[in-house]
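To keep things clear, I will list the structure first and then write my remarks on it.
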Amino acid sequence: MSAASGGAATKRGRVLIIAGSDSGGGAGIQADIKAVTALGGYAATAITALTAQDTVTVHAIHEVPAEFIALQLRVVLQDIGADAIKTGMLHRADIIEAVADALKLYAPDVPLVVDPVMVAKGGARLLQPQAEAALREILIPRATLITPNLPEAEALCGLSIPDAAAMPAAAQALLKLGPKAVLLKGGHLPGEQLTDLLCDAQGSDAQGSESFTSSKLHTSSTHGTGCTLASAIATGLAFGLSLHDAVVQARAYVRRAIETAPGFGHGHGPLNHAHMVKRD
């Protein structure tokens, strides 16, 4: 019996989240736990950093030692197990190395969703420059899916993505880094339409690619959308959904969470992660 199975005979929606904490509750571990729970999954965590953060910016980051992060991963995977794993803010190269080593030891076959978090909504850098190479070379090749936005994709593949027409070539370049699939998020492009591109490593060029298009929502309540989307996809995979179905479910969940956002804060406000939860 593998450590990741945790003794479970069937998939149960267990999602292990490896990410930083957001004191404002809108992104990071807090958003991840809310999304997984709202979609019926079970969220376990390995916290990689503490942030003093609100809707405006990240005011400070408190480091967590890499060996303690690895310990969190070992004890959770050996006891509870996981049906899917999601990474968010990893911050440093030694953290990425520790995460990759732990996953190789304790969860080698568990689906992995990598959200390559580099910069917060308010502009604060969440991944040290020297850690980009470690992310690209060590963790991304292990991923079932990576979910970069356009600036993250440009940093990872070295290509400019000025418009939607440039997205397929960028997605193919990202696939060459080794993940099984890429969900390239087009929200940074101008215009009234938002297009995300899902590309599978089994295909080439137009083959194995699928576009998801929706109208843009004009709102400042977008803090934590990337974290939420990646965790929602991981939850779908944890319940045995296909990648396509997990993406469709996650995009619908995030859209509704933005539409019903509570309007908190003075910057980029949080989503309504609990929109699916009925209240008396």
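The values are calculated or read from the model by the stated rules, or taken from the named source; none is laboratory data. Note that this is a predicted model, so its numbers are computed, not measured. Note: ideal-geometry Cβ built from the backbone for every residue, glycine included; neighbour counts use all protein chains shown.
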In segment 62-73, the residues that are aliphatic (A, V, I, L, M) and either part of a loop (DSSP other than H, G, I, E, B) or loosely packed, with under 13 Cβ neighbours inside 10 Å (or both):
V64
T45 - would you say it is of a type in the set (S, T, Y), surrounded by fewer than 23 Cβ atoms within 10 Å (Cβ to Cβ), within 18 Å of the chain's Cα centre (by Cα) and in a helix (DSSP H, G or I)?
no
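Filtering segment 194-218 down to residues that are among the polar types (S, T, N, Q) and at pLDDT 90 or above, which residue is nearest to L175 (Cα to Cα)? Walk me through it before giving the result.
Step one: filter segment 194-218 for residues among the polar types (S, T, N, Q), giving 195, 202, 204, 207, 209, 211, 213-215.
Going one step further and asking which of them are at pLDDT 90 or above, we end up with 195, 211, 213-215.
On the way: T195: 18, S211: 16, T213: 21, S214: 24, S215: 27 Å.
Residue satisfying both the conditions and the ranking: S211.
Okay, residues lined up against (1) surrounded by 15 or more Cβ atoms within 10 Å (Cβ to Cβ); (2) small (G, A, S); (3) under 20 Å from I96 (Cα atoms):
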| residue | (1), (2), (3) |
| --- | --- |
| L126 | yes, no, yes |
| P129 | no, no, yes |
| E132 | yes, no, yes |
| I138 | yes, no, yes |
| N149 | yes, no, yes |
| A155 | yes, yes, yes |
| G158 | no, yes, no |
| P162 | no, no, no |
Being at pLDDT below 95 and of a type in the set (K, R) is the filter; apply it to segment 111-169 and report the residue that is nearest to L184 (Cα to Cα).
R136
Among the candidates T45, T55, which residue alone is without any contact (Cβ under 8 Å) to a residue 40 or more places away in the chain and hydroxyl-bearing (S, T, Y)?
T45
Report whether or not L174 is crowded, with 24+ Cβ neighbours inside 10 Å and aliphatic (A, V, I, L, M).
yes
S221 passes all but one of (1) in a helix (DSSP H, G or I); (2) touching a residue at least 40 places away in the same chain (Cβ under 8 Å); (3) in contact with a Leu (Cβ under 9 Å, 6 or more places away or on another chain); (4) surrounded by 23 or more Cβ atoms within 10 Å (Cβ to Cβ); which number fails?
(1)
Kindly check whether there is at least one residue in segment 199-207 that is assigned to a helix (DSSP H, G or I) and surrounded by fewer than 17 Cβ atoms within 10 Å (Cβ to Cβ).
no
Out of A38, A70, A66, A60, which single residue is touching a residue at least 40 places away in the same chain (Cβ under 8 Å) and among the aliphatic types (A, V, I, L, M)?
A38
Could you identify the single residue in A232, A261, A238, A257 that is over 19 Å from the mean Cα position of the chain (by Cα), buried (at least 20 other Cβ atoms within 10 Å of the Cβ) and not aromatic (F, W, Y)?
A261
Any chance segment 258-266 includes a residue that's in a helix (DSSP H, G or I), at pLDDT 90 or above, within 24 Å of A166 (Cα to Cα) and out of contact with any Asp or Glu (no Cβ under 9 Å at 6 or more places or on another chain)?
no
Going through segment 1-58 one residue at a time, which ones are closer than 20 Å to A246 by Cβ, modelled with pLDDT under 95 and aliphatic (A, V, I, L, M)?
A4, A8
Considering only segment 138-160, state which residues are under 21 Å from P108 (Cβ atoms) and in contact with a Ser or Thr (Cβ under 8 Å, 6 or more places away or on another chain).
L139
Taking the criterion of being part of a helix (DSSP H, G or I), of a type outside the set (V, I, T) and over 30 Å from R12 (Cα atoms), would at least one residue in segment 92-106 satisfy it?
yes
Of (1) closer than 29 Å to R12 by Cα; (2) touching a His at 6+ places or on another chain (Cβ under 6 Å), S220 satisfies all except one. Which?
(1)
Please specify each residue of segment 74-91 satisfying the condition of being more than 24 Å from H244 (Cα to Cα), under 16 Å from the mean Cα position of the chain (by Cα) and part of a loop (DSSP other than H, G, I, E, B).
M89, L90
